[in-house]
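**Q** Dumping the structure here so I can ask a few things about it.
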Amino acid sequence: MNFKFLILLFLFLLTASCIDKDLFKGEDPKGGEYPGKTELSAYEAYLYPFGNEVQSPTFEITVETDGTMDLSPITAEIPSLKYNKTWLFLLTQDDCKHAAYSRMWAAINGKPVSDTMVIDDTTYGLFYDAAHLFLGDIPPGSYSLGKTLGSTDGAGNEVRFHFSTTLAPEWEWMHARTDVDKGFTDNYYRFFMKSGLIWDNVKEMINYGTGIAFHDVLTEAVNNADSILAHYRLSQDSILKNLNGRGCKFLAEPNGNKTYITAAKNYDLIQTITLQNGGVKLYPFQVKEDLTGMLVERYFYSPDENLKQKIQTLLTLPKEDRLAIAVGVHGTGREWVDFLTWLNDNYGKDGDDSVWFPNQEEYYEYNYYRIHGTVKTTIDKHVLNISVTLPSGKYFYYPSITLNLKGLAKEKIRTVKTNDIVTGLSYDNYVEGTMINVDCRKFLAEHAEHYVEVFEAKKTDSYLSDALYFVCQLKDSKKKESLLERLK
């Protein structure tokens, strides 16, 4: 036999053996393996360039008034909670669960919520990945809320709920492949639960405001702080690599193991921490320090009437006495979707709009800016000039604040202008004057344009909602007008 022919035959067989192999072996309740099928050529995970975010911005605001009032009594300050909300809700989902994407994130952002299905009298939970969603390969039984969940910025713009998810960056299963086979109904093994979130899912989640946290690390020496510390560094390296330069500064203590806390105290990149049990009760309107290293107490509530009653009781108190509701969860299903809907309908944008629901990284940064930021004002006749500096820490990604102009009603304002470092701006009345929401994220316009392009390609109501959501975060400009025109 010709030697060259043998080589070609060998190469053919080698290539053929690589076709349709599935790195994730779905569990077949009847035995065997899901053969898998890959149709990912139309999907490429997008990620906001967090690694190049602006740091320690200084921005200028020029407020021109109608000239009918004395501006000297006007004060400018950063309030305790963003958008002048009156209570704080924090939620962290532990164990890097698949459900954090296709259930909790999906519900908040108006996507299909994966649920369960019965196979041979056995109920199985079904889940999906970012590639499934983008290519329209959605598991049966998924349902839609028909809306997004969130509050507003106090000036009429939506701000969706932002929770935190823990990561497992040392585990190989975060690199698992997604198998897309739209229209294939002989089985649904491609929708069986993976070991946890994969990196593509995490990328899409953080694009929409989900925070990330350390949790378990890959060591058997879980009572050895030096070992855990070494694995924090390995985990950080993996996160930076897989999220294109975005780092992690938040620890959600796993299993009540205080050795993780000891190790975190020796790792200065971990700046905010929440505990499985114990810790400090957080009263946002009483905070007078930057919270670096503070061990924030959280509880593992069930999303039942007890949690709702706790919130309702909390809101009978003056805002200064309201404890932050800090919640830890593991698996999440329909019951948590229902709870978040209840939160939206009663205290979010479809209710009294009193809750701020950021991820813990976002709250930590905002409070850090409030404590360490500088706000200077000068007056030139009927013009109020404001200069603000926001000193950033390591791995800060939310350079945005609310600024209250106490004593100045919106009706007295003719124009509000900023320098170019400000990319997002809105303002309206609040109880004591005018609130101005300022966002300095460096790539906010590019981020919005990406979602406009996605809508132009997909032409669905859900992607239109996303595009409008991100475009409306921009300050008024020709760029914003152009993007809105493309969405008509």
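The values are calculated or read from the model by the stated rules, or taken from the named source; none is laboratory data. What you are looking at is a predicted structure, and each value in this text was computed from that prediction instead of being measured. Methodologically, a virtual Cβ is constructed for each residue, glycine included, from the backbone with ideal geometry; neighbour enumeration extends over all protein chains shown. Just so you know, the surface numbers come from the protein's heavy atoms only, side chains and all, with ligands and any DNA or RNA stripped out. Shrake-Rupley method; radii C 1.70, N 1.55, O 1.52, S 1.80 Å.
**Q** With a Förster radius of 30 Å, plug the Cβ-Cβ distance of VAL383 and ASP321 into 1/(1 + (r/R0)^6) and report the FRET value to the nearest 0.05.
**A** It comes to 0.20.
**Q** How would you classify region 128-194 from its alpha-carbon gyration tensor, with a ≥ b ≥ c the square roots of the eigenvalues: rounded for a/c under 1.5, else prolate if a/b is greater than b/c, otherwise oblate?
**A** Details: a/c = 3.14, a/b = 1.48, b/c = 2.12.
Taking the square roots of the gyration eigenvalues as a ≥ b ≥ c, region 128-194 is oblate.
**Q** Right, next: At a Cα cut-off below 14 Å, give the aspartates and glutamates reachable from LYS97, other chains included and same-chain residues fewer than 8 away excluded.
**A** Qualifying aspartates and glutamates at Cα under 14 Å: ASP129, ASP200, ASP216.
**Q** Obtain the nm distance between the two label points defined at LYS459 and ARG334 by a simple spin-label model: each point lies 7 Å from its Cα along the Cα-to-C-beta direction.
**A** If labels sit at LYS459 and ARG334, their model points lie 3.4 nm apart.
**Q** For the chain, list the DSSP H helices whose alpha carbon atoms reach 20 Å or more along the long axis and whose average Kyte-Doolittle value is 1.0 or above?
**A** Within the chain the helices that satisfy the rule are 3-17.
**Q** Return the loop-located trypsin sites (Lys or Arg not before Pro) in region 148-257 (DSSP other than H, G, I, E, B) with at most 15 other Cβ atoms within 10 Å of their own Cβ; answer none if there are none.
**A** Values: sites: ARG160, ARG177, LYS182, ARG190, LYS194, LYS203, ARG233, LYS241, ARG246, LYS249; in loops: ARG177, LYS182, LYS194, ARG246, LYS249.
Those that pass, being in a loop and sparsely packed, are LYS182.
**Q** Okay, next question. Ranked highest first by the average count of other Cβ atoms within 10 Å around their residues, in what order do 207-213, 338-344 fall? Let's see the in-between values first.
**A** Numbers: 207-213: 23.3, 338-344: 20.3.
Ranking the peptides 207-213, 338-344 by packing returns 207-213, 338-344.
**Q** What's the Kirkwood radius of the chain in Å, using all Cα pairs?
**A** Every distinct Cα pair counted, the radius reaches 24.2 Å.
**Q** How far is it, in nm, from the label point at GLU432 to the one at GLU485 when both lie 7 Å from their Cα along the line to the Cβ?
**A** If labels sit at GLU432 and GLU485, their model points lie 4.3 nm apart.
**Q** Another question about this same structure. Quick one: check the C-alpha center-to-center distance for region 319-378 versus region 380-444, whole angstrom.
**A** Computed from Cα coordinates, the inter-centre distance equals 20 Å.
**Q** Suppose a student asked you for the relative contact order of the chain, using Cα pairs under 8 Å spaced at least 6 residues apart; what percent would you report? Before the final figure, lay out each step's value.
**A** Details: 962 pairs, mean separation 112.7, N = 488.
RCO, the chain: 23 percent.
**Q** With a probe of 1.4 Å, find how much accessible area the chain has per residue, and write the answer as a whole number in Å².
**A** 43 Å²
**Q** Could you check how much of the accessible area of the chain is carbon and sulfur, as a whole percent, using a 1.4 Å probe?
**A** Here carbon and sulfur together make up 51 percent of the probe-accessible area.
**Q** Also: Along the charge dipole of region 265-405, pointing to its positive end and built from +1/-1 on Cβ of Lys, Arg, Asp and Glu, which listed residue (VAL383, TYR398, PHE300) has its Cα farthest out?
**A** Going by the Cα projections, it comes out as VAL383.
**Q** Related question: For region 354-392, which trypsin sites (Lys or Arg not before Pro) are in a loop by DSSP, counting at most 12 other Cβ atoms within 10 Å?
**A** Numbers: sites: ARG370, LYS376, LYS381; in loops: LYS381.
Here the sparse-neighbourhood loop sites are LYS381.
**Q** Would you work out the charge dipole size for region 55-108 about its Cα centre, treating the Cβ of every Lys and Arg as +1 and the Cβ of every Asp and Glu as -1, and quote it to the nearest 20 debye?
**A** 500 debye
**Q** Put +1 on the Cβ of every Lys and Arg and -1 on every Asp and Glu Cβ in the chain; which of HIS162, ALA176, ILE119 then has its Cα farthest towards the positive end of the dipole?
**A** Most positive-ward Cα: HIS162.
**Q** Something else now. Could you go through region 46-59 in sequence order and give the Karplus-derived ³J(HN,Hα) for each residue, using 6.51 cos²θ - 1.76 cosθ + 1.60 with θ = phi - 60°, rounded to whole Hz, and x for Gly and Pro?
**A** 9, 9, 3, x, 4, x, 10, 5, 4, 10, 6, x, 10, 10
**Q** Relative to the present Cα-Cα distance, how much length would full extension add between LEU314 and PHE300 at 0.36 nm per residue of separation?
**A** Details: separation 14, 0.36 × 14 = 5.04 nm, distance 1.74 nm.
Roughly 3.3 nm would be gained on extension.
**Q** Another question about this same structure. In region 254-347, with Lys and Arg counted as +1 and Asp and Glu as -1 at Cβ, which of these residues, VAL280, ALA263, VAL327, has the Cα nearest the positive end of the dipole, that is, farthest along it?
**A** My answer, from the dipole projection, is ALA263.
**Q** Measuring from label point to label point, each 7 Å out along Cα→Cβ, what is the ASN255 to LYS410 span in nm?
**A** 5.2 nm
**Q** Nothing charged except the Cβ atoms of Lys and Arg (+1) and of Asp and Glu (-1): what's the magnitude of the dipole of region 362-463 about its Cα centre? Round to the nearest 20 debye. Intermediate results must be reported in sequence, preceding the final value.
**A** Details: 13 positive and 13 negative charges, 91 e Å.
That gives a dipole near 440 debye.
**Q** How big is the Kirkwood radius of region 152-255, worked out from every pair of different alpha carbons and given in Å to one decimal?
**A** 15.9 Å
**Q** Follow-up. May I ask you to give the average projected area over all directions of the convex hull of the Cα atoms of region 296-420, in nm² rounded to one decimal?
**A** Its Cα hull, projected and averaged over all orientations, spans 11.2 nm².
**Q** What full-extension length gain, to one decimal in nm, is calculated for THR374 and GLU60 as 0.36 nm per residue of separation minus the Cα-Cα distance?
**A** 111.9 nm
**Q** Sticking with this structure for a sec: Using the crude model of +1 on Lys and Arg Cβ and -1 on Asp and Glu Cβ, and no other charge, please compute the dipole size for the chain relative to its Cα centre, in debye to 20. If you can, show how the numbers build up before the last one.
**A** Values: 51 positive and 66 negative charges, 168 e Å.
Using Cβ point charges on Lys, Arg, Asp and Glu, the chain gives about 800 debye.
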